[in-house]
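See structure below.
Every number in this text was worked out from the coordinates using simple rules, so none of it is lab data. Note that this is a predicted model, so its numbers are computed, not measured.
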Amino acid sequence: MRTDHHIILRVVAKPLIPIIALFALYVQFHGDYSPGGGFQAGVIIAVAVILYALIFGISPAMRAVPPAFTRSLAAIGFLLYAGVGVWALLMGGNFLDYDALFNEADGGHHGQHYGILLVELGVLFAVAGSMLSIFYAFAGRVTEIKDEDW
């Protein structure tokens, strides 16, 4: 019979992890108006998954958020970030020149807004995917310790 030594941590973490993820979304979408943005939100999302892995085990975390997904997320984030820059180049501006993203009739205001949102979303994906991929790479190397030992 296995006794659960970490029952208090598990009980506290279950409601705390979704709150951490919700705070990451707040940081992401409020980053236009205050400190924060894609990098900070990506790290916070990664922290939520890492906390889950530390409390419930690395195997359940890898089942919940597979390593292939984290690598794909990092790649999609990079492509989104670079894609906005290439879009600006194709529209006749410089790389990441948000004013060039839409036509001149609106004064470039939509380009600024949507360009920053897309770039910050790309940074969020790239940072969260990279941080989790690095964590999985290091956590997967510990083979002599099983989840039951935690």
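Averaging over all projection directions, the Cα-based convex hull of the range 7-149 occupies 9.9 nm² in the image plane. Taking 0.36 nm per residue of sequence separation and removing the Cα-Cα distance, the F78/K14 pair yields an extension gain of 19.9 nm.
Here the extension length gained between L89 and L54 equals 8.2 nm, from 0.36 nm per residue of separation less the Cα-Cα distance. Available extension along the chain between H113 and L25 is 29.9 nm, counting 0.36 nm per residue and deducting the alpha carbon span. Just to be sure I understand the curve: with the Debye formula and one point per C-alpha of the range 36-90, what is log10 I(q)/I(0) at q = 0.13, 0.23, 0.25 Å⁻¹? So the normalised log intensities work out to -0.44, -0.93, -1.00.
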